[in-house]
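Okay, structure first, notes after.
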Amino acid sequence: MPREQLQVLNALDVAKTQLYHFTAIVIAGMGFFTDAYDLFCVSLVTKLLGRIYYHVEGAEKPGSLPPNVAAAVNGVALCGTLAGQLFFGWLGDKMGRKRVYGITLMIMVICSIGSGLSIGKEANSVIACLCFFRFWLGFGIGGDYPLSATIMSEYANKKTRGAFIAAVFAMQGFGILGGGMVGIIVSAAFNAKFKSPTYAIDPIASTPPQADYVWRIIVMFGAIPAALTYYWRMKMPETARYTALVAKNAKQAASDMSKVLHVEITAEQEKLEQITEESANQFGLFSKAFLHRHGLALLGTCSTWFLLDIAFYSQNLFQKDIFSAVGWIPPAKTMNAIEEVYKIGRAQTLIALCSTVPGYWFTVALIDHMGRFAIQLMGFFFMTVFMFALAIPYHHWTLKENRISFVVIYALTFFFANFGPNSTTFIVPAEIFPARLRSTCHGISAAAGKAGAIIGAFGFLYAAQNQDKNKTDAGYPPGIGIKNSLIVLGVINFLGMLFTFLVPEPKGRSLEDLSGENDEENETELAQQTSSNRTVPF
């Protein structure tokens with residue numbers, strides 16, 4: 001039977017929605033705005049980098065990044081993110097959420113600026129410098145995943161916890177939207193000031209020297225929202241769940257939350273010691289007890305996030321190639337370098353505005369009514385359906401009269417990714433694990449996702465190439481084509497739907513009930529209860 005909860009934790013669980021909830025959402029959410037902006041703005045500038053640094057004299061098409069360089073520029077931040085998720089997830093449980101929270105933000109600010117200041121005018125030095133800073137930028141971004149999710153889950157009440165965590169993650173949509181809008185504004189301003197002919201008319205003059213400033217300004221802009229948030233992150237108190245259940249300081253937890261909630265809370269040190277000293281609340285991550293009680297749940301959160309990110313990142317990072325393939329973005333030689341950034345930014349902004357952002361906020365509105373399981377299962381199902389709908393009659397969508405319909409269905413896959421597993425895979429790991437391992441387990445789940453993102457980002461570069469070697473991008477071997485790539489992504493989404501059945505439903509329950517930290521039952525009964533929590537909440 002669950003014991004009576006600590007007063008300070010119960011006060012958080014039953015608290016009405018207050019100003020501090022929205023303050024926490026904004027503070028944590030601005031980090032995710034920056035995260036999404038920094039990770040996705042690179043898709044705006046890769047073609048510009050190819051034109052500036054890899055121009056080939058006399059070539060029919062504008063310069064493009066060689067395969068290994070394109071893979072490095074697109075994927076190095078993802079590699080850094082994976083490392084940061086594991087490291088800062090672990091550190092958040094060892095040192096506390098707040099102490100680590102400011103470190104990740106400063107790394108993001110410094111490395112965003114460093115990326116834009118990449119030294120040199122030769123390709124090798126600029127790309128090497130850019131990749132160096134983008135790796136460490138990703139490292140800081142990675143830390144924001146487990147820390148923001150854990151902080152928000154530990155601050156929230158149990159009734160609307162899903163919506164609060166989803167709202168933090170939904171700022172990613174505004175980050176993607178912001179990246180597109182900044183690209184549009186900067187490129188439009190430069191294109192108006194520095195008029196240049198198309199590549200077909202004058203290959204050299206189509207890329208004016210000032211184009212080098214365009215990509216630098218776009219990548220550096222991500223430092224601004226992160227810098228604005230730093231002071232407020234440092235003012236946030238440590239979460240009561242960490243202070244009480246991990247640091248074992250009931251008095252400090254009660255004092256901090258009394259100020260936040262504006263109510264009198266009694267410190268219950270003896271009761272806290274009784275809870276934390278039980279063997280059921282002392283097992284580590286690599287113990288049989290953890291494997292027995294949380295192993296299946298961790299497998300579920302890791303596998304679904306891994307499969308989701310293969311599909312999600314391959315679509316997001318390379319949507320410009322898909323738009324080009326169906327003619328939504330004109331052939332590169334019919335534009336100058338800066339105009340191409342404008343057209344890619346416009347396409348990205350339209351997709352974000354029409355599908356990505358609404359999908360996130362549908363999750364915010366409905367997650368505490370429908371539950372995490374139902375939304376995730378539904379999202380994977382519709383992503384599978386729409387991916388196959390794009391792939392099987394792919395030639396039909398490439399015809400000029402059908403291009404708008406293609407973009408609509410493509411946008412719907414993004415909508416159901418965000419009103420679906422892209423949101424829930426972030427939310428659930430912050431709810432179902434014990435406080436002393438919560439940040440670590442979220443970091444592991446997120447790192448599994450980034451491993452999928454790396455596969456999607458690197459693999460799609462090669463897989464989406466035309467099967468005819470004469471029609472591939474410069475330097476690439478023939479691939480399986482966009483049609484077959486979309487079929488593979490559809491299969492991956494279907495597997496995600498199956499693995500969703502491993503993930504428990506946290507809706508409406510306290511974090512301590514979900515993790516078993518309040519239970520007084522013996523190990524056998526706990527195992528039975530854990531297995532009974534495999535949910536199909538219909």
Select from region 391-424 the residues that are at pLDDT 85 or above and not in a helix (DSSP H, G or I) and write down the one among them that is farthest from the chain's Cα centre (by Cα). Pro393
Just to be sure I understand the filter: pairs with C-beta atoms under 6 Å, separated by 6 or more residues or on different chains, first member in region 50-73 and under 18 Å from Pro477 (Cβ atoms), second member small (Gly, Ala, Ser) and surrounded by fewer than 17 Cβ atoms within 10 Å (Cβ to Cβ). Which pairs pass? Ser64/Ala474; Pro66/Gly475; Pro67/Gly475
Could you please let me know if Gly479 is assigned to a loop (DSSP other than H, G, I, E, B) and surrounded by 18 or more Cβ atoms within 10 Å (Cβ to Cβ)? yes
Considering every residue within region 159-171, establish whether at least one is modelled with pLDDT of 90 or more, among the hydroxyl-bearing types (Ser, Thr, Tyr) and surrounded by 24 or more Cβ atoms within 10 Å (Cβ to Cβ). no
Residue hits (region 307-353; at pLDDT 70 or above, closer than 13 Å to Ala457 by Cα and among the aromatic types (Phe, Trp, Tyr)) are Phe312, Tyr313
Any residue in region 90-102 that's at pLDDT 85 or above: show its pairings with residues that are surrounded by 18 or more Cβ atoms within 10 Å (Cβ to Cβ) and among the acidic types (Asp, Glu) at Cβ separation under 8 Å, as long as the two are six or more apart or on different chains. Gly96/Glu238; Arg97/Glu154; Arg97/Glu238; Lys98/Glu238; Arg99/Glu238
Residues being closer than 20 Å to Ala311 by Cα and touching a residue at least 60 places away in the same chain (Cβ under 8 Å): count how many of those fall in region 398-412. 4
Counting only residues in region 16-38 that are among the hydrophobic types (A, V, I, L, M, F, W, C) and in contact with a helix residue (DSSP H, G or I) (Cβ under 6 Å, 6 or more places away or on another chain), the one surrounded by the most Cβ atoms within 10 Å (Cβ to Cβ) is identified as Ala28
Checked region 65-106 for anything surrounded by fewer than 19 Cβ atoms within 10 Å (Cβ to Cβ) and within 16 Å of Arg241 (Cβ to Cβ); matches are Lys94, Met95, Gly96, Arg99
Can you tell me which residue is modelled with the highest pLDDT among those in region 261-288 that are among the small types (Gly, Ala, Ser) and surrounded by 17 or more Cβ atoms within 10 Å (Cβ to Cβ)? Ala267
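Output the number of residues of region 95-126 satisfying the condition of being aliphatic (A, V, I, L, M), part of a helix (DSSP H, G or I) and touching a helix residue (DSSP H, G or I) at 6+ places or on another chain (Cβ under 6 Å).
7
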Output the number of residues of region 394-405 satisfying the condition of being surrounded by 13 or more Cβ atoms within 10 Å (Cβ to Cβ) and closer than 15 Å to Ser485 by Cβ. 3
For region 228-241, which positions are open to solvent by 20 Å² or more (accessible area, probe 1.4 Å) and assigned to a helix (DSSP H, G or I)? Leu228, Tyr230, Tyr231, Trp232, Met234, Lys235
Applying the selection to region 123-158, what residues are free of Cβ contacts under 8 Å to residues at least 60 places away in the same chain and either open to solvent by 10 Å² or more (accessible area, probe 1.4 Å) or aromatic (Phe, Trp, Tyr) (or both)? Asn124, Ser125, Ala128, Cys129, Cys131, Phe132, Phe133, Phe135, Trp136, Phe139
Can you tell me which residues in region 180-197 are at pLDDT below 90 and crowded, with 19+ Cβ neighbours inside 10 Å? Gly180
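The values are calculated or read from the model by the stated rules, or taken from the named source; none is laboratory data. Keep in mind that this is a model prediction, so the values were computed, not measured. Here Cβ is always computed from backbone atoms with ideal geometry, including for glycine, and neighbour counts include all displayed protein chains. Each accessible area value is taken on the protein alone, full model and side chains, heavy atoms only, with ligands, DNA and RNA left out. Shrake-Rupley method; radii C 1.70, N 1.55, O 1.52, S 1.80 Å.
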